[in-house]
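Structure record follows, encoded as C-alpha cells.
Values in this text are rule-based calculations from the coordinates and carry no lab data. Everything quoted here is computed from the prediction, not taken from an experiment. So basically every Cβ, Gly included, is an ideal-geometry build from the backbone, and we count neighbours across all protein chains shown.
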Amino acid sequence: MQKQRRMSKRYGSPITFAEIGALWSKANARRVFASAACLSLSLALAACGGDSGVDTTSETTPTLERAAALAAASSTVPLQSSLKMNVSGLSSDASNDRFIVKYKTGTAERGSTSAVQSRLDRLTNAFPAKARHVRRMGIGADVVTTEHKLNARDAKAFMRAIASDPDVEYVEPDTPMSVTMAPNDPEYGMQWGLTSNQKPGVTTAGIRAEGAWDMANGAGTVIAMIDNGVTHHSDLNANILPGYDFTANNRGGDGTNPGITTETCPVVWHGTHVAGIMAAQTNNGVGIAGIAPAAKVVPVRVMNACGRGFTSDVADGVTWAAGGSVSGVPNNAYPAKVINVSLGGGGSCGMTFQNAIDYAVSRGAVVVAAVGNDGNSATNFTPANCRNVISVGGSNRPGLKWVLSNYGQTVDIAAPGDSIWSTYNNGTAAPGTEGYTYMDGTSMAAPMVSGVIALAQSVAPTPLTSPEMRALLTQNVQPFPNGKPDQPIGSGILDANATVIAARSGKIPAAADFTCSEATTIMQVTCKDLSTARGAPIKSWAWNFGTGGPDMVRTQSVAPYANYDYPGTYEITFTVTDSTGAVSKLTRPFQVIPPTLTDLSAGIPLTISAKNGDMQNYDLVVPPGVKSLTFTLSPGTTSQTATLYVRAGTPSTLHPDCESVMVRGGAATCTITNPVAGTYYGILSASTKLSGVSLLATYTQ
C-alpha cells in the first residue's frame with residue numbers, strides 16, 4: 001500500500017468523476033483494446049459471492065460447457081475474461097458474424113484447425129448461433145464465423161462464452177476497416193506537396209523533396225502497400241512487384257485491383273493513388289514524380305473495390321508483407337522494409353493488429369499508418385494508435401491541420417493530405433484507362449512519410465529500426481509555418497531533405513520506446529523503458545502518465561508506475577534526451593480497467609480468505625434515500641490485520657471516503673452519513689493472511 005499511496009502525491013489531483021462518467025460505470029466499464037475498426041468496448045465486471053457464509057476462494061470449478069453457458073447468459077465479465085475480450089467494435093446498432101480467436105501456445109487448438117472446430121462444436125449450446133472455423137491467420141489466430149449475423153448483445157454473449165475457455169488467449173470482432181481518403185476535384189497546381197514554402201516564391205508547405213532527390217532515390221528498398229490493390233499505369237508499372245490479394249472474394253492473384261466483383265458501391269482506385277505518391281517513376285517524361293522513384297512496391301490487397309475490408313485480412317497482409325507465413329498463401333518473395341497502411345477504423349489497438357505489427361517490426365520493417373479523417377482524437381483510431389507504428393496526420397497547403405485530419409498527442413508527424421495529385425484509373429466499375437486525380441486524406445499523407453523512409457533507408461550506412469526512424473523523422477521536421485495548428489498533428493511537417501541528409505550522415509538517434517502493463521487488483525500501471533541509443537547516449541528520461549501532473553524526470557532508466565483514480569484511456573508520454581540535446585518523444589494511449597469486483601448484498605455477510613498483501617474489491621449499489629451506510633470488516637482471529645477503504649464512484653484507494661484498520665481483534669468500520677445514491681466500493685488490503693473474515697455492508701433508510 002505504501003507504493004500506491006506514494007504515487008497519489010507524486011501525480012497531483014485526480015480526474016473528476018464527471019470527466020470520465022461516460023467511460024465508467026459498474027455495469028459499463030469501458031476497456032478499449034485496439035481492434036481494426038470502431039471499437040468501443042463495454043465490459044461489465046464480475047459478480048461473485050453474495051450468499052451468507054460463502055468462502056469466495058472455494059467455489060467448485062464448472063465444466064467447460066457449463067462455464068461457457070454461464071458466461072454467455074451473464075451480463076457481467078470477470079477480469080480474467082475481460083482481459084481476453086475486445087468488444088469495442090460492437091456498437092449497439094451493428095451486427096457481426098466474424099470473430100478472431102487466438103488459442104494459447106501449447107493447446108491442441110493452436111496446433112490444429114480441426115481442433116478449433118471441435119472446440120466450437122463442443123460449445124455450440126452456449127453460443128447464440130453455431131460457429132464455423134474459416135481460416136488460420138499468419139499470427140496464429142483463427143477467423144471464425146457464426147451461421148447468421150449477431151446483434152451487439154448476442155455478439156457479446158458469444159465472445160463471453162469464448163473468453164471463458166481457459167485455452168483462449170483473446171477474442172475480438174473481425175471488424176471492418178476502410179481506407180482514409182476523400183476524392184477532390186482539381187483546384188491548385190499539381191503536386192504542391194513535394195515543394196516547400198522554404199523555397200523562394202513557393203507559398204505551400206510541402207515536404208522539400210527536390211533536395212532529397214539529389215542524394216537518394218530509394219533504390220533497393222521495398223515498400224509494401226496494405227491497401228485495395230493497384231491497376232496498370234505507365235507511370236507505375238516498372239516499380240510494381242508481384243503482391244497478393246487477401247480479400248475473401250478474390251483471394252490469390254498478385255495484388256491487382258480488379259474493380260467491382262460482388263460489391264455494390266462506387267469503385268475507388270485508392271491503392272493506385274497511394275502507390276503513385278510513394279513510387280511513381282520520375283524523370284520519365286510522363287505524369288508525376290513519386291517520392292522514392294527507384295523503390296519497388298508490393299501491393300498487398302486487403303480492401304475491396306469500395307475501400308473496405310476486415311481486420312483479419314489487414315493483419316495477415318502486414319504479416320505476409322514483412323516475410324511472415326500465412327496458411328495457404330505462397331511466401332512473399334520480396335519482404336518489405338517499409339509497410340504503408342493508409343486505412344483503419346475507430347477504437348484502440350487490439351491484439352490482432354499489435355501482434356502483426358510487432359512481428360513486422362521484429363523483421364526489420366517500419367510500419368507507417370494514417371491517423372484517420374474524422375476530425376477527432378487520433379487516440380481512438382487504429383492501427384495508428386498501436387505501438388511500433390509511425391502515425392501520420394494530414395497538413396494543408398498553408399501548413400496547418402487539414403480540416404478532417406484526426407489529431408492529438410499520439411500523432412507523430414504531419415505530411416500533406418490536402419488535394420494531392422497522383423496516379424489513378426478512369427474506370428467506373430472495372431479498370432479503364434489510366435489517369436490522374438486529386439484526393440484528400442491522411443491516406444495521402446502516410447505514403448509521403450513511407451516514401452521518405454524509403455529514401456532515408458536507401459542511403460543510411462546502417463538500417464534504422466522503427467523507433468529510430470520515428471526519432472530521425474521527428475527530429476528533422478519543418479516547423480509549422482504559421483505557428484502550431486489549433487490541434488496537435490505531430491512535431492512538425494515532414495522534411496525529406498533534412499531527413500535524408502541526417503540518414504546519409506550515419507546518424508542513429510536515441511529513440512524513445514516503451515510498453516506498459518496494469519496490475520490485476522489495483523488500477524496501477526507500470527511501464528518498461530525500451531529506448532535505445534546506438535549513437536549519443538541518453539542523459540535524461542521523462543515520463544508523463546496523462547493525469548495532468550508534471551513529468552517525472554530521471555537521470556537514469558527506471559520502470560515507473562502510476563496509480564489511477566478512475567478507469568479510462570490515458571495518453572502516456574515518454575521522452576528521452578541524448579547527450580547532444582536531441583529529443584525523442586513517444587505518446588501512446590493506455591486503457592486502464594477496473595479490478596475484479598465482487599457484488600455485495602446489503603445485510604448479507606460475505607466470508608473472505610486472502611493472502612498477505614492481497615487486495616480485494618467489492619461493490620454495493622446504494623439506492624436513493626439512504627440515511628446511513630456502514631461497511632464492517634470483522635476478523636476471524638485476533639492476529640489478523642487488514643485495512644478497509646470505502647469509496648463512492650470508483651474502486652480506488654487513492655482518495656477514500658473512509659479508511660479503517662482491522663487489528664488486534666477489533667473490526668474495521670466505515671460509516672457514511674446521507675450517502676448519495678450510486679455504487680460504493682469496499683476495498684480490502686490484507687496485511688496478514690486472512691481466513692474466516694467477514695465483510696458486511698448495511699444501510700438504513
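Scalar couplings 3J(HN,Hα) for segment 683-699, obtained by applying the Karplus form with A = 6.51, B = -1.76, C = 1.60 to θ = phi - 60°, are 10, 9, 10, 7, 9, 9, 5, 10, 8, x, 7, 10, 10, 10, 10, 9, 8 Hz; x denotes Gly and Pro. Provide, for q = 0.12, 0.22 Å⁻¹, the log10 of I(q)/I(0) from a solvent-free Debye sum over equal Cα point scatterers in segment 553-637. At q = 0.12, 0.22 Å⁻¹ the computed log10 ratios are -0.67, -1.23. A straight Cα-to-Cα reach below 20 Å connects residue 104 with the aspartates and glutamates 65, 121, 142, 165, 167, 169, 172, 174, 316, 358, residues fewer than 8 places away in its own chain not being considered.
The convex hull defined by the C-alpha atoms of segment 416-568 has an orientation-averaged projected area of 14.2 nm².
In terms of packing, defined here as the mean over residues of other Cβ atoms within 10 angstrom, the peptides 620-628, 359-367, 410-418, 159-167 line up highest first as 410-418, 159-167, 359-367, 620-628. Taking amide H as placed 1.01 Å from N in the peptide plane, residue 530 has its amide H under 5 Å from the amide H of 513, 514, 515, each at least 5 places away in sequence or on another chain.
If you take the beta carbon distance between residue 251 and residue 602 as r and set R0 to 56 Å, what does 1/(1 + (r/R0)^6) give as a FRET efficiency, to the nearest 0.05? If you can, show how the numbers build up before the last one.
On the way: r = 58 Å, r/R0 = 1.03.
It comes out at approximately 0.45.
When exposed loop sites are taken as GluC sites (Glu not before Pro) in a DSSP loop with at most 14 other Cβ atoms within 10 Å, the longest stretch of the chain clear of them is 188-701.
Working value for the chain: equivalent-ellipsoid semi-axes of 49, 30, 21 Å, each the square root of 5 times a Cα gyration tensor eigenvalue, largest first. Along segment 433-449 the Karplus relation, 6.51 cos²θ - 1.76 cosθ + 1.60 evaluated at θ = phi - 60°, assigns HN-Hα couplings of 6, 6, x, 9, 7, 8, 9, 10, x, 5, 4, 8, 6, 4, x, 5, 5 Hz to successive residues, with x for each Gly and Pro. Only aspartates and glutamates eight or more places from residue 611 in sequence, or on another chain, were considered; those with a Cα closer than 14 Å are 55. Working note: 222 nm ellipticity from helices only, DSSP H runs with n ≥ 4, each -39,500 (n - 2.57), summed and divided by the residues of the chain, gives -5000 deg cm²/dmol to the nearest 500. Considering only Cα atoms, the convex hull volume of segment 600-700 works out to 77 Å³ per residue.
Computed on the Cα atoms alone, the convex hull of segment 178-504 gives a volume of 112 cubic angstrom per residue. If r is the Cβ-Cβ distance from residue 621 to residue 210 and R0 is 56 Å, what FRET efficiency results, to the nearest 0.05? That pair, residue 621 with residue 210, gives E of 0.25.
Phi-derived couplings, Karplus 6.51 cos²θ - 1.76 cosθ + 1.60 at θ = phi - 60°, listed residue by residue for segment 593-598: 10, x, x, 4, 10, 10 Hz, with x used for Gly and Pro.
Distant-in-sequence amide contacts of residue 510, defined by a placed amide H-H separation under 5 Å and a gap of 5 or more residues or a different chain, comprise 535, 536. Annotation: amide H of residue 169 within the under-5 Å range of 102, 103, 104, sequence separation 5 or more or interchain, hydrogens built in the peptide plane. Go through segment 238-317 and name the trypsin sites (Lys or Arg not before Pro) that are in a DSSP coil and have 16 or fewer other Cβ atoms within 10 Å of their Cβ. Passing both the DSSP loop test and the Cβ count: 251.
Placing pseudo-labels 7 Å out from each Cα toward the beta carbon at residue 234 and residue 614 gives an inter-label distance of 7.7 nm. Measuring r between the beta carbons of residue 628 and residue 520 and using R0 = 45 Å, the FRET efficiency lands at 0.85. Legend: distances between Cα atoms for 337/528; 484/507; 84/528; 102/130; 484/528; pairs beyond 20 Å are 337/528; 484/507; 84/528; 484/528.
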